[in-house]
């Protein structure tokens with residue numbers, strides 16, 4: 001991916017690009033869509049097999065409920081792949097997975113239903129999202145949508161070596177931490193872990209005073225059972241659903 005300043009026509013159909021985030025494999029920009037004047041988010045990706053997988057998945061999932069809307073895709077004038085998505089000004093649910101940001105039971109149930117609908121479409125195509133976390137769920141008005149398909153894979157494949165980052169590790173199932181083949185249940189685990197965190201303000205295997213490092217967290221996941229959300233307002237039925245998915 002190129003860095004620095006780009007010409008006004010670097011991404012056809014978009015202008016006024018402002019860098020939001022730069023990662024190992026992609027850069028996110030806020031931009032203005034020329035045809036509507038509306039803000040959008042552009043994900044400009046390295047041209048490799050991982051990007052091809054993401055593009056194939058996003059194309060297949062376009063228009064499905066619970067999945068971020070695809071506005072456009074193509075290549076920049078310098079050859080990188082890009083995806084264009086709506087700009088959601090309220091951002092993601094990452095801040096909700098903290099003690100001061102946790103959500104109500106009703107809010108979490110709504111997020112769970114929306115993301116479960118998105119995952120149903122993903123799984124129906126033989127795919128796994130592989131990175132369901134609070135930061136990869138966007139606040140879309142009164143609903144929620146799943147985004148970032150950069151870790152997408154096929155059912156039955158093992159995780160990509162080195163794929164587990166800090167937030168990803170906090171919601172990874174035991175089989176991913178052990179490097180074993182992944183299944184639909186692996187995504188369900190990630191969703192349950194995410195919902196647990198939105199209710200509790202911390203990840204399921206974190207200690208109240210803060211999460212241990214990635215290795216310490218991994219050891220806790222592999223050696224301990226999940227516990228109920230420490231909140232008496234969470235209904236018993238919801239507790240049981242989460243614990244069953246985290247087993």
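Results, tabulated for the structure shown:
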quantity	calculated
Theoretical gain in end-to-end length, residue 18 to residue 220 [0.36 nm per residue, Cα-Cα removed]	68.7 nm
Euclidean distance of C-alpha centroids, segment 50-93 and segment 8-22, integer Å	14 Å
Separation between Cα centres of segment 155-206 and segment 121-136, rounded to whole Å	11 Å
Quarter of Cα convex hull surface for segment 1-145, i.e. mean projection, nm²	9.3 nm²
Residue-averaged 222 nm ellipticity for the chain, from DSSP H runs of 4+ at -39500 (n - 2.57), nearest 500	-10000 deg cm²/dmol
Overall form of the chain per C-alpha gyration tensor (a/c, 1.5; a/b vs b/c)	prolate
The chain - percent relative contact order, Cα under 8 Å, separation 6 or more	15 percent
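Rule-based calculations on the coordinates, nothing more; no lab input. Quantities reported herein were computed from a predicted structural model and do not represent experimental measurements.
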